[in-house]
Amino acid sequence: MTVEPSVTHATFVIERTYPVSPARVFAAFADPAIKARWFGADTVSTVEYTLDFRVGGREISRGTQSDGHTYAYDALLQDIVPNARIVSTYEMHLDDARISVSVATVELKPEDAATRLVFTEQGAYLDGLDTPQQREHGTRELLEALGAELQRTPA
């Protein structure tokens, strides 16, 4: 089967408020042990996970879903402002096919004793193998898993 080359461009924004400090939310992104617990752990049997959390560092996650397909996430950290902002570029693969290339921005804003997280993704979804709706759905699930992790992790 030959796939006709195509690209769909889209941007989505998701906001969440977590009842913890920006430092706690930031740590959940920056600490490899914490992030590995919430970043896709419920949906993918992880084969590999690494995080080099610094500007120019990489984050790689590879795993297999229950349907037998292998997914790979390969990110480059472009900008980090402690407790305030993380910007990365990343690509996703399904088996051997690249399905998307994105820019993701996480903004952390203090609100009283809580943190408002604003996640913005600008994506190029390739060849009909992924859609903005699927990615937004998956990202919402990840941010819910982050919230659950923040409730489990002591201050």
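If you go through the stretch 54-73, how many residues are out of contact with any His (no Cβ under 6 Å at 6 or more places or on another chain) and buried (at least 16 other Cβ atoms within 10 Å of the Cβ)?
First, pick out the residues of the stretch 54-73 that are out of contact with any His (no Cβ under 6 Å at 6 or more places or on another chain): 54-71, 73.
Filter again for buried (at least 16 other Cβ atoms within 10 Å of the Cβ), leaving 59, 61-63, 71, 73.
Looking only at that region, the number is 6.
Looking at the stretch 80-92, can you tell me whether even one residue there is part of a loop (DSSP other than H, G, I, E, B), within 28 Å of Gln151 (Cα to Cα), of a type in the set (Gly, Ala, Ser) and modelled with pLDDT of 95 or more? Explain how you work it out, then say what you get.
Here is the first cut: in the stretch 80-92, the ones part of a loop (DSSP other than H, G, I, E, B) are 82-84.
Applying the additional criterion that residues be within 28 Å of Gln151 (Cα to Cα) yields 82-84.
Add one more test, that the residue is of a type in the set (Gly, Ala, Ser), and what stays is 84.
Next, only the ones that are modelled with pLDDT of 95 or more stay: 84.
Within the stretch 80-92, one or more residues are part of a loop (DSSP other than H, G, I, E, B), within 28 Å of Gln151 (Cα to Cα), of a type in the set (Gly, Ala, Ser) and modelled with pLDDT of 95 or more.
Give the number of residues within the stretch 11-63 that are within 15 Å of Val81 (Cα to Cα) and in a helix (DSSP H, G or I).
Selection size over the stretch 11-63: 9.
Would you point out the residue of the stretch 98-142, among those that are touching a Leu at 6+ places or on another chain (Cβ under 7 Å) and hydrophobic (A, V, I, L, M, F, W, C), that is modelled with the lowest pLDDT?
Leu129
Can you go through Ala84, Ala30 and tell me which one is aliphatic (A, V, I, L, M) and within 14 Å of the chain's Cα centre (by Cα)? Break it down into steps so the answer makes sense when it comes.
Numbers: Ala84 fails: within 14 Å of the chain's Cα centre (by Cα).
Just a single option satisfies the conditions, and that option is Ala30.
Could you list, in sequence order, all residues of the stretch 108-131 that are under 15 Å from the mean Cα position of the chain (by Cα), surrounded by 15 or more Cβ atoms within 10 Å (Cβ to Cβ) and under 14 Å from Leu146 (Cβ atoms)?
Those that are under 15 Å from the mean Cα position of the chain (by Cα), surrounded by 15 or more Cβ atoms within 10 Å (Cβ to Cβ) and under 14 Å from Leu146 (Cβ atoms): Leu108, Leu117, Phe119.
The values are calculated or read from the model by the stated rules, or taken from the named source; none is laboratory data. Please read these numbers as outputs of a predicted model, since none were measured by experiment. When we count neighbours, we look across all protein chains shown, and the Cβ atoms used for this are built from the backbone with ideal geometry, even at glycine.
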